[in-house]
1. Limited to region A:150-169, what total is found for residues that are crowded, with 24+ Cβ neighbours inside 10 Å and touching a residue at least 40 places away in the same chain (Cβ under 8 Å)?
2. When only residues in region B:267-321 that are of a type in the set (S, T, N, Q) and assigned to a loop (DSSP other than H, G, I, E, B) count, which is nearest to residue B:256 (Cα to Cα)?
3. Based on this model, can you work out whether residue B:131 counts as at pLDDT 95 or above, over 22 Å from residue B:544 (Cβ atoms) and within 25 Å of the chain's Cα centre (by Cα)?
4. Condition first: within 9 Å of chain A (Cβ to nearest Cβ) and not in a helix (DSSP H, G or I). Now tell me which residues in region B:384-409 satisfy that.
5. If you take the residues in region B:11-60 that are part of a helix (DSSP H, G or I) and of a type in the set (Val, Ile, Thr), which one is farthest from the other protein chains (Cβ to nearest Cβ)?
6. Any chance you could count how many residues in region A:164-189 are under 19 Å from the mean Cα position of the chain (by Cα), at pLDDT 95 or above and at the interface with chain B (Cβ under 7 Å from one of its Cβ atoms)?
7. List pairs: first residue in region B:416-429 and more than 10 Å from chain A (Cβ to nearest Cβ) and part of a strand (DSSP E or B), second residue buried (at least 22 other Cβ atoms within 10 Å of the Cβ) and aromatic (Phe, Trp, Tyr) anywhere in the structure, Cβ distance under 8 angstrom, at least six positions apart or on different chains.
8. Going through B:91, B:103 one at a time, which residue ends up being farther than 30 Å from residue B:437 by Cβ, among the small types (Gly, Ala, Ser) and within 14 Å of another protein chain (Cβ to nearest Cβ)?
Amino acid sequence: MPPPNSRLDRRTFLIRGGVVVAAATALAGLPYALRKELTTETSFVLFSSQQHQTITALQEHLFPKGPDSPGATDIGAARYLEWAITAPETDPDTRNTIVNGISRLQDASIERFDTVFTELDFMQKERLLRYLADETRWGRVWLSLVLTYIFEALLSDPAYGGNPDQVGWRWLEHQPGFPRPPTDKIYGKL
Amino acid sequence: MVDFDVCVVGSGAGGGPVALTLAEAGYSVLVLEKGPWLTEDDFYKDEIACCRRNTYSRNLREEFHVVEKPDKNKAWVATPTYDGGRDFWNGNMVGGSSNLMSGFFHRLKPKDFRLLSEFGPIDGANVEDWPIAYDELEPYYAKVEREVGISGRVVDHPNLEPRSTNDYPHPPTAEHPVAEWFDDLCRQKGLHSIPVARAILSRPANGRSSCQYSGYCGSYGCSSGAKGSSRAALLNRAVASGNCEIRPNCHVYHLESDMSGRVVSANFYDVNGDTQTVRADLFVVACQAVETSRLLLLSRGPRHPNGLANSHDQVGKNLVFSGGGAGTGTILYDSLDAKKAAQLKIRGPFVNRALQDWYYIDNDEMGKTKGGTIEFLFRHPNPTGRAIQQKWESDRLLWGHPLQNKVHRYFTTAGYLRFETFADWLPNDDCNVTLDSALKDKWNAPVARIKVGKHPHDLKISRYLARKGYQMLTDLGADKVSWGVSSNPPGNLMAGGCRFGNDPKKSVLDQNCRAHDVENLYVTDGSFMPTGGSVPHTWTIYANAFRVADQIVGKLAGLGLATSDADGRIRI
């Protein structure tokens, strides 16, 4: 039997926050404006400065540093996320979902609190995110997806950019397998 | 004029034995494999590459299947796999899915070859006896032990199948201390603990290293070469013979037949996407059950208007999987004494235990019927997938410290033992492979449409076995056991679709796995199986492929094609 984290298809991924399996097809099926955005301005450095600040603040709220636990910044969650959704075979729909979600989070923040997400205090962030997760379908899907990538950053091999110095493995007393992948033999380079 | 004596399409457990046997017999063999040629140098314990991305399967946007299954209202609903949550590619590479198997190896038992005679017909099931008996396959089970390299220890038990040798050629792989817990419990309960044979070398042999016990095996390619994949154990030797060529990244889309009905060539796309053709005297198809049926259905010819070997509309019928259930038990370290807690934390060695006390059942509750196997193992160690599952509390998304505390508890306070049950998936009219009438792959060929109807009898058996597994985990000290049975097919345990038999109207292949109506076409993957037994299929596929290979050698010798250098052969 396959392990519990076997590959998931796009729909399952989006619903359950799993990982995408359907690799990128040509961008031809996307609207021209989005296709242009993905192929020119944002293919390799996906997030704008503001988007980067927003996603970093969100990840730190979802996975905060504690006295005995690493936080999102410690595990390189933002860096890993950008790698994951700009990897060549990542489904454009997934990439689009992440990027659009940041904009929708900002819209919701301004609508409910009249300011951007990074300016909210802890309780305001919590109320906003709980509303999005419990009351909106897109918010539930999007936050689940962001959490999935946080866990990938936490527990994937450091060769992928997350889990620096095996901080996630050490925190969870996880024994990795061996041999571990060199950076030139990771997914996308095999 | 032909290019090779034999062309083998597919390089997994069905193709490897044929390629090796024929190459070593001196025949020229070409193996066409759809996927790349990866080696031990490409396999790492990398969860992202292994299990969270599609490294070893096709791009589902380009090459997919359509799966047809009943919804809650029992209406049949068809969904492409790029949009439906299932993937029926199991390892597209040289050696096929045998690279990624766990290698839990069991033989079928004599009664599995005559299920209809032993247990009678079941309404709604197309059960047939096999056209061969266990005794005819036994020498080849033994051959697989030597050639593939099987480690284990034979112990006597009521359902032990007859053997021509006393024990396995390799001692068991290192055993986890939990195996002893299991043995003790079985003694108390009067059950028969079976050490599970593994297609994993416990000591170096045939130029391959032994297991390194990294704790990651199933779903991963083996970096030491210990796992008995078709590639590591057989194809490397076939190539070394000088008579076998493997061409990776070659997708065969059509087998061309002439006016006499013989197959004359394989048409394929090479690594550049260019069309190529190769001619051979004899063709062997071993693409795994679904794709084998699809290729035959796609290979129409002047004498085969409905596809090769399909004169009686049998290709694709009676597809089977392995029926079953599974459960996971949580054993809290705090519930154990210090010694046992330390034992439970050990990673690397295998539990390697199974029960077959209910392989056959005859009691008031179930009547006389066929049961199955219960396998015991640790939960797969992949951490990311297990962590992700913690983000849900019932239907509520968790985050922050509550989530982190839950994840930390999950990983640091308990060990997780698992059982998996294996029972027959009864062949039936609602489980088959056809060509989809609308959807095509990137090569513009109709994709396989897989209808996955499951007979209710199988669920009843699976539930019975799963309850036994649940009780074992509970008695081993599990604080809680989550378990269930499913009507969803495990895509990595497929067989049937081209069953062998003596009646051409009810089978595709004869008893030697040659197509009834194509004299130079053989099928050697799991497609031949009329019933799948109540164990994983791989050992039987290997054994049967070696058996058929010997038949092919005899046939070629009879044709006067006794050497690889026969005049007139063109090597390319």
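1. Of the residues in region A:150-169, 9 are crowded, with 24+ Cβ neighbours inside 10 Å and touching a residue at least 40 places away in the same chain (Cβ under 8 Å).
2. Only one residue fits best here, namely B:299.
3. Working: at pLDDT 95 or above: yes; over 22 Å from residue B:544 (Cβ atoms): no; within 25 Å of the chain's Cα centre (by Cα): yes.
Spelling it out, it is not the case that residue B:131 is at pLDDT 95 or above, over 22 Å from residue B:544 (Cβ atoms) and within 25 Å of the chain's Cα centre (by Cα).
4. B:392, B:396, B:397, B:398, B:399
5. Of region B:11-60, the ones part of a helix (DSSP H, G or I) are B:16-24, B:40-42, B:47-52.
The next check asks that each one be of a type in the set (Val, Ile, Thr); those that pass are B:18, B:21, B:48.
On the way: B:18: 27, B:21: 31, B:48: 5 Å.
Top of the filtered list is B:21.
6. Here the count works out to 0.
7. So the pair list comes out as B:417/B:376; B:419/B:376.
8. Going through B:91, B:103 in turn, the sole match is B:103.
The values are calculated or read from the model by the stated rules, or taken from the named source; none is laboratory data. A quick note: this is a predicted structure, and the numbers were derived from the prediction, not measured. Every residue, glycine among them, receives a Cβ derived from its backbone with ideal geometry; neighbour counts consider all protein chains shown.
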